[in-house]
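Below: one structure, written as structure tokens.
The values are calculated or read from the model by the stated rules, or taken from the named source; none is laboratory data. Since the structure is predicted, the reported quantities are computational estimates derived from the model, not experimental observations. Don't worry about glycine lacking a Cβ; one is built from the backbone with ideal geometry, like all the others, and counts go over all protein chains shown. For accessibility, only protein heavy atoms count, side chains too; no ligands or nucleic acids. Shrake-Rupley method; radii C 1.70, N 1.55, O 1.52, S 1.80 Å.
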Amino acid sequence: MVRELIEIEAADDGWWVRSGAACLHCLTKLQAIEQAQVLAARRYMETGCPTGVRVPVAHGEPVIVGTCG
């Protein structure tokens, strides 16, 4: 089964949490990661589909954290 990834990305005034067409705005990167993890866990519990959170890092490829399933 393909892992569904919830992504966070920098915005001018904070961070976006993106899950499909839905977006949530957070002020800090830590808040965005926490919210994305909550969404990923909820999605996994509801659907059984493996999930994770893709987080950008400075000077490198994004990393996947908080995997469920």
Exercise. Which label belongs to the value computed from this structure, given these candidates for P(r) over Cα pairs in 10 Å bins from 0, in percent: [x] 24, 54, 20, 2; [y] 15, 29, 20, 14, 18, 4; [z] 15, 27, 25, 21, 12, 0?
Worked result: [x]
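Per residue, how many Å² of accessible area does the chain show with a 1.4 Å probe? Provide the component values of the computation, followed by the final result.
On the way: 4480 Å² over 69 residues.
Accessible area per residue: 65 Å².
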Exercise. Using alpha-carbon positions, what is the distance between the centroids of the range 1-26 and the range 42-69, in Å?
Worked result: 11 Å
Problem set entry | Charge dipole (debye, nearest 20) of the chain; +1 at Cβ of Lys and Arg, -1 at Cβ of Asp and Glu | 220 debye
Seminar exercise, completed: Carbon/sulfur accessible area of the range 22-69, % of total, 1.4 Å probe, equals 60 percent
Problem set entry | Dipole-positive endmost among 19, 8, 40 within the chain (Cβ charges, Cα centre) | 40
Problem set entry | Long-range amide H partners of residue 68 with built H, under 5 Å | 51, 52
